[in-house]
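A.B. asks: Before we start, here is the structure in question, set down as structure tokens.
The values are calculated or read from the model by the stated rules, or taken from the named source; none is laboratory data. Just so it is clear, the model here is predicted, and its values are computed rather than measured. Neighbour counts are summed over all protein chains in view; Cβ atoms, including those assigned to glycine, are modelled from backbone coordinates with ideal geometry. Protein only, heavy atoms only, side chains kept; ligands, DNA and RNA dropped before computing areas. Shrake-Rupley method; radii C 1.70, N 1.55, O 1.52, S 1.80 Å.
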Amino acid sequence: MNAQMSPPRHESLVAGFLARTHELFIDGRFVPAQSGKTFDVINPATGEVFAKAAAADAGDIDLAVKAARRAFETGPWPNMSAGGRRNLLLKLADALEAHADEIATLESMDNGMPLMVAKFAAVAGAAECLRYNAGWAGKINGETPTLSLPNHHAYTLREPIGVVGSITPWNFPLAMEVAKIAPALAVGCTVVLKPAELTPLTAVRLAELIQEVGFPPGVVNIVTGFGDPAGKALVAHPDVDKISFTGSTAVGKSIVVAAAGNLKRVALELGGKSPVIIFPDADLDRATEGAANGIFGNAGQVCVAGSRLFVHKSVFDRIVGGIAERARKLRVGAGLQPDTQMGPLVSQKQLERVTGYIQSGTQDGAEVVVGGQRVEGKGYFIQPTVLAQTNRDMRVVREEIFGPVVCAMPIDDDDLERIAKQANDTDYGLSSNIWTRDISVAHKLARKIKAGMVRINGGQGLDYALPFGGYKQSGWGRENAREGVEAYTEVKSVSIAL
Ligand code: NDP
């Protein structure tokens with residue numbers, strides 16, 4: 001990535017992009033919605049409309065699915081070698097990086113995230129995702145099983161599943177969109193992507209780059225619009241073979257029901273209420289820093305956010321005080337302001353949701369250690385918030401808030417069974433964090449936690465080589481790694497009587 005690119009150049013590119021009409025990308029061309037409808041795109045740092053995007057409905061989705069089906073069955077895509085698919089994905093990664101400053105600026109304006117996060121977590125992460133998955137093209141194989149049957153030979157084939165409908169949320173728009181399309185394309189599927197209506201712009205820019213690097217028409221279709229009707233129509237479409245969804249558990253459940261028509265495959269990456277468990281022998285400064293970053297990063301709008309904090313009673317005040325201190329010092333502001341550490345929430349609705357949860361917590365008896373208020377003025381800013389005196393029966397502890405709000409609770413003993421029981425006392429099971437220097441405690445507890453991811457002593461935990469997904473109501477299936485790529489394939493058995 002060229003971090004040195006001079007501001008005027010990328011600013012003029014952003015201005016040029018915003019001045020264009022943002023249309024649907026169907027069958028390799030940009031077209032308006034059939035209805036002619038558009039919707040407003042709002043900058044969460046100001047609450048002002050700064051762009052408009054096309055609002056697809058069922059008819060547009062049908063056109064996109066037909067294009068994806070044609071591209072899957074006929075034309076250059078099914079005959080393209082795995083190396084050809086790999087090279088296109090690599091070219092797309094290069095194109096994203098070549099436009100990193102411009103795309104990061106758009107992402108920050110659209111979602112609110114700090115520019116540095118947009119550059120390094122979103123754009124660089126998306127490029128890395130494309131390259132990682134490009135590497136899998138041609139490396140997903142069938143097997144030659146040893147049979148019980150005499151005089152037979154057999155093998156399995158892994159074939160692309162077909163037309164994939166991808167539905168993505170607004171919290172890391174570009175990264176999520178690329179995480180959906182990259183493995184699907186690596187194995188030879190075609191895609192109809194519906195990005196979140198709150199953050200459609202980097203998806204439209206991605207479509208322009210997909211066109212520019214030369215993906216055959218119809219291989220990727222990007223259709224902006226609302227969950228209802230566009231997302232719903234995609235999920236219900238009888239010619240879609242798989243839906244891959246990231247978003248709320250409530251919508252995930254509705255997708256399971258709606259996908260029943262043609263029994264399409266469904267992968268769900270849903271919410272979380274992830275525990276952070278801090279033992280007294282941990283590196284307490286690192287644990288404090290890690291716990292604060294884990295809930296205030298991206299204003300808490302992160303599915304793996306560590307939102308339930310369990311701290312051993314002997315260090316509870318120190319850790320909670322340390323997180324509160326960091327919260328007080330966090331520079332909250334517009335994502336494009338160079339010194340911003342935490343941007344706004346994505347929308348007025350999300351602001352109301354988060355403040356509503358804080359109110360419900362205080363009504364239930366929680367103590368606001370720090371924060372708790374919206375920041376007055378334009379935009380959807382909220383103070384980073386630490387709640388203490390919380391317990392398992394409160395909504396703030398049970399439900400996903402998706403904001404910078406952590407609920408702190410003391411652990412009274414050293415019994416790992418009881419600690420695991422507290423950590424697992426949730427409908428979710430996406431992620432978890434353990435802080436200790438005792439490797440036996442860390443590994444024993446890691447096995448007891450019911451979550452798809454356990455992070456010990458911090459770190460990112462998210463790597464494209466690591467399977468990612470949830471236990472319980474945090475989802476179905478895994479993204480990333482071999483599992484995530486194979487999830488876009490069907491297995492066929494071929495047997496021969498010798
Ligand atoms: P949703 O689950 O509603 O949205 C996610 C995506 O699904 C969006 O593209 C949305 O479209 C689409 N969608 C909505 N309804 C349907 C439907 N019936 N059929 C098909 N697609 C649909 O999340 P929200 O944006 O409403 O956020 C609400 C809460 O969800 C958050 O506060 C948070 O708790 C959780 N969430 C969790 C995420 C995670 O990563 N686990 C990510 C985002 C949200 P559109 O936005 O255009 O309406």
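A.B. asks: Determine how many Å³ per residue the convex hull of the Cα atoms of segment 294-362 encloses.
C.D. replies: Looking at segment 294-362, the number lands at 109 Å³ per residue.
A.B. asks: In bins 5 Å wide, starting from 0, what share of all Cα pairs of segment 190-251 does each bin hold, as a percent?
C.D. replies: So the P(r) values, bin by bin, are 4, 16, 27, 25, 18, 9, 2, 0.
A.B. asks: Give, as a single signed number, the net charge of other residues whose beta carbon lies under 14 Å from the beta carbon of P44, with Lys and Arg counted +1 and Asp and Glu -1.
C.D. replies: Net charge around P44: -2.
A.B. asks: Considering the alpha-carbon set of segment 383-498 alone, what are its Rg and its Dmax in angstrom?
C.D. replies: Here Rg and the maximum Cα pair distance are 18.4, 71 Å.
A.B. asks: Still on this model: If a/c stays under 1.5 just call it rounded; otherwise compare a/b with b/c (prolate if a/b is bigger, oblate if not). Do that for segment 236-348, with a ≥ b ≥ c from the square roots of the Cα gyration tensor eigenvalues.
C.D. replies: oblate
A.B. asks: Okay, moving on. Calculate, in nm to one decimal, what A465 and D62 gain on full extension: separation in residues at 0.36 nm each, minus their alpha carbon distance.
C.D. replies: That pair, A465 and D62, stretches by 141.7 nm at full extension.
A.B. asks: In addition: Which far-off residues, 5 or more places away or on another chain, put their amide H under 5 Å from the one on A267, with H placed in the peptide plane?
C.D. replies: Counting only residues 5 or more places away or on other chains, the set is I243, S244, F245.
A.B. asks: Let me ask another. Considering only C-alpha atoms, what is the centroid distance from segment 271-341 to segment 155-172, in Å?
C.D. replies: Taking the Cα centre of each part, segment 271-341 and segment 155-172 sit 34 Å apart.
A.B. asks: I need to check one value: relative contact order of segment 142-286, counting alpha carbon pairs closer than 8 Å and at least 6 residues apart, in percent.
C.D. replies: 22 percent
A.B. asks: At 1.4 Å probe size, with the rest of the protein present, what percent of the exposed accessible area of the chain is carbon and sulfur atoms?
C.D. replies: With neighbouring chains kept in place, the figure for the chain is 52 percent.
A.B. asks: Using just the helices of the chain, give the 222 nm mean residue ellipticity in deg cm²/dmol: DSSP H runs with n ≥ 4 each add -39,500 (n - 2.57), and the total is spread over all residues, rounded to 500.
C.D. replies: -11500 deg cm²/dmol
A.B. asks: Per residue, how much accessible surface does segment 202-336 expose to a 1.4 Å probe? Answer in Å², no decimals.
C.D. replies: Spelled out: the 1.4 Å probe surface of segment 202-336, per residue, equals 34 Å².
A.B. asks: Report the Cα centroid-to-centroid distance between segment 47-79 and segment 358-385 in angstrom, as an integer.
C.D. replies: Cα centroid of segment 47-79 versus Cα centroid of segment 358-385: 40 Å apart.
A.B. asks: Let me ask another. Using a 7 Å offset from the Cα along the Cα-to-Cβ direction at both A98 and T46, what is the distance between the two label points in nm, to one decimal?
C.D. replies: With each label point 7 Å from Cα toward Cβ, the separation is 3.0 nm.
A.B. asks: Mind running the shape call on the chain? Use the C-alpha gyration tensor, a ≥ b ≥ c as the square roots of the eigenvalues: rounded below 1.5 for a/c, prolate if a/b tops b/c, oblate otherwise.
C.D. replies: oblate
A.B. asks: Then there's this: What relative contact order, as a whole-number percentage, does the chain give when Cα pairs under 8 Å and 6 or more residues apart are counted?
C.D. replies: This gives 18 percent for the chain.
A.B. asks: What does the extension gain come out to for S495 and D415, with contour length at 0.36 nm per residue minus their alpha carbon separation?
C.D. replies: Extra length available between S495 and D415 comes to 23.5 nm.
A.B. asks: Could you order peptides 41-53, 270-282, 436-448 by the average number of other Cβ atoms within 10 Å of their residues, highest first?
C.D. replies: Listed from highest to lowest mean packing, they are 270-282, 41-53, 436-448.
A.B. asks: Stretched out fully, how many nm does the piece from D281 to E159 gain, at 0.36 nm a residue minus the Cα gap?
C.D. replies: Gain on stretching D281 to E159: 38.9 nm.
A.B. asks: Next question, about the same structure. Classify segment 1-151 as rounded, prolate or oblate, taking a ≥ b ≥ c as the square roots of the eigenvalues of its Cα gyration tensor: rounded when a/c is under 1.5, otherwise prolate if a/b is larger than b/c and oblate if not.
C.D. replies: Oblate.
A.B. asks: If R0 is 45 Å, what FRET efficiency do you get for S12 and F226 from their C-beta distance, rounded to 0.05?
C.D. replies: FRET efficiency, S12 to F226: 0.90.
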